[in-house]
Amino acid sequence: MPETINRTVEIDGVPIFYREAGPAGAPAVLLLHGFPTSSHMYRNLIPALAGRYRVVAPDLPGFGFSGAPDRAAFAYSFDHLAEVIDRFSRAVGLRRFAMQVFDYGAPIGFRLALRDPARISAIISQNGNAYLEGLSEGWNPIQAYWQDPSEANRDALRGFLSADAIRWQYEHGAHDTALIAPETYALDAALIARPGNAEIQLDLFGDYQSNVALYPDFQRYLRTHRPPLLAAWGRHDPFFIPPGAEAFRRDVPEAEIHLLDAGHFALETRGPEIAALIHDFLGRRMA
């Protein structure tokens, strides 16, 4: 099995940690994680794909083992995160790539596609949303903060950052929680609990509304460029619900949609199934 190499590259003064495996000259796949995790969520998928592809999975600023600059010196917005990941992708030599997007990785990845559509060879969405109908009622407290960014509404979101809430995100909707490695939610909770990180995460909760505002642009990109698109979606996700996966067909009629018996972190319980779907999809659509 191909070895995964762990590296760090500095982008605009911020150390960006990333995992990489696979032949340097192979077609590239960029894996973009979401909240509250890191490239660690792809630890099993990376070697599963690396026999055929160059696979690169960075940690976003403020997450995992990447740098977490002070909020006074670094704007924690999705526009800024996308800018950093765009520069990262170029720094590590990704000229054209497929991307797998999950949770926060979706609005970041779609921003990359808006910047330069020709760079994107295919899209794999694992609970990576781009449609209003994909947002569940679980977003209500965050949407209340968008409408009234008061300290009270900000403080009401701190519960999402607790160790219990993070574990719940992993276990909710899973067909067998015994398949979920406990180090996943323990690592996420420990990194989220670092001094100052809670405020970073609350800033991003507030800025998520910028992603919703861009949904029409994301959809226009999909409709105009019709990238090969696979959705491998945990159907029991409490935040991004199946209508968000099915909506991709509205703009990309050829989109391949698979609703899996899984929750938000579908890779934890359906990893081999998702890897097989990706191999089949990329093998046909990127030939």
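Checked against the criteria, E183 counts as loosely packed, with under 15 Cβ neighbours inside 10 Å and either within 28 Å of A28 (Cβ to Cβ) or among the acidic types (D, E) (or both). Filtering S125, S121 for residues that are surrounded by fewer than 18 Cβ atoms within 10 Å (Cβ to Cβ), of a type in the set (S, T, N, Q) and modelled with pLDDT of 95 or more leaves a single hit, S121.
The residue that is nearest to L60 (Cα to Cα), counting only those in region 5-25 that are small (G, A, S) and under 21 Å from the mean Cα position of the chain (by Cα), is A21. Scanning region 261-275 for residues that are outside any helix (DSSP H, G or I) and buried (at least 21 other Cβ atoms within 10 Å of the Cβ) returns A262, G263, H264, F265.
Among the conditions (1) charged (D, E, K, R); (2) in contact with a Pro (Cβ under 7 Å, 6 or more places away or on another chain); (3) under 15 Å from L132 (Cα atoms), the only one that R220 does not satisfy is (2).
Residue by residue, here is whether (1) outside any loop (DSSP other than H, G, I, E, B); (2) of a type in the set (V, I, T) holds:
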| position | (1), (2) |
| --- | --- |
| I85 | yes, yes |
| F88 | yes, no |
| G93 | no, no |
| D103 | no, no |
| N153 | yes, no |
| G159 | yes, no |
| A174 | no, no |
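Considering only residues in region 55-83 that are aliphatic (A, V, I, L, M) and in a loop (DSSP other than H, G, I, E, B), the one that is surrounded by the fewest Cβ atoms within 10 Å (Cβ to Cβ) turns out to be A72.
It is to be established whether one or more residues within region 190-208 are assigned to a helix (DSSP H, G or I), within 14 Å of F265 (Cβ to Cβ), in contact with a helix residue (DSSP H, G or I) (Cβ under 9 Å, 6 or more places away or on another chain) and in contact (Cβ under 8 Å) with a residue 12 or more places away in the chain. No: zero hits. Would you call I108 more than 20 Å from A245 (Cβ to Cβ), assigned to a helix (DSSP H, G or I) and at pLDDT 95 or above? Criteria not met by I108.
The values are calculated or read from the model by the stated rules, or taken from the named source; none is laboratory data. Note that the structure is predicted; figures quoted are calculated from it, not measured. Glycine also receives a Cβ, built like all others from the backbone with ideal geometry; neighbour counts cover every protein chain displayed.
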